[in-house]
Amino acid sequence: MPSKPKTSRRETTPIEQAIIWAYHCDGLTYSQIVEATGHLKSTIATIVQRIKKSTASDKFSSKNQSGTPPKVDPRGERALLRHADQNPREPLATLGTPSKSGIQLSRKTVREILKRNGKARR
């Protein structure tokens, strides 16, 4: 049985970050900011240090989240959808061949693309 996470992990909003930064600029200590905001001390320290290092004009916005790039580009996705519309009874395995979308795709990837675009398959 998986254990429960110790905290609910969520990203602090730009407004929360601005409030923390304002408290820091007013001269409050990290402990006083913890009492005022309810965030963890380590979270407050990380936010303050990141804002101090930041050279961007918008210091309170978060960076884009990393992750794997999409397997299929929009053009290949459109080609796959067009082929699926023209041949509705074709199995997922044959829709994943390179001739349909430009690259070899697994059945799972084809299913996800079709589902994301409202095309139900069995």
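Coordinate-derived values only; no laboratory data. Bear in mind the structure is a predicted one, so any value in this text is a computation, not a measurement. So basically every Cβ, Gly included, is an ideal-geometry build from the backbone, and we count neighbours across all protein chains shown.
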Computed D for segment 35-80, Stokes-Einstein, Kirkwood radius over alpha-carbon pairs, 20 °C, 1.002 mPa s, to the nearest µm² per second, is 150 µm²/s
Taking the Cα atoms of segment 14-53, what is the range of coordinates along each of the three principal axes, in descending order and whole Å?
-> 24, 19, 17
Taking only C-alpha pairs under 8 Å that are 6+ residues apart, what is the relative contact order of segment 14-53 in percent?
-> 42 percent
Of all C-alpha pairs within the chain, those more than 19 angstrom apart amount in percent to 63 percent
Would you work out which of HIS24, ALA79, PRO14 lies farthest towards the positive end of the dipole of the chain? Charges go on Cβ: Lys and Arg +1, Asp and Glu -1.
-> ALA79
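Please compute the contact order of segment 74-116 in relative form: average sequence separation of alpha-carbon pairs under 8 Å and at least six residues apart, divided by the residue count, as a percent.
Dividing the mean separation by the residue count of segment 74-116 yields 36 percent.
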Per-bin percent of Cα-Cα distances, segment 1-73 [5 Å] = 3, 13, 22, 19, 14, 11, 8, 5, 3, 1, 0
Only Cα pairs under 8 Å and at least 6 apart count here; give the relative contact order of segment 17-122 as a rounded whole percent.
-> 16 percent
Student exercise, the chain dipole from Lys, Arg, Asp, Glu Cβ charges, in Debye to nearest 20 = 800 debye
Loop-only check: which trypsin sites (Lys or Arg not before Pro) in segment 25-84 are DSSP coil with at most 11 other Cβ within 10 angstrom?
-> LYS63
One would report the Cα pair-distance distribution of segment 74-116, bin width 10 Å, in %, as 33, 65, 2
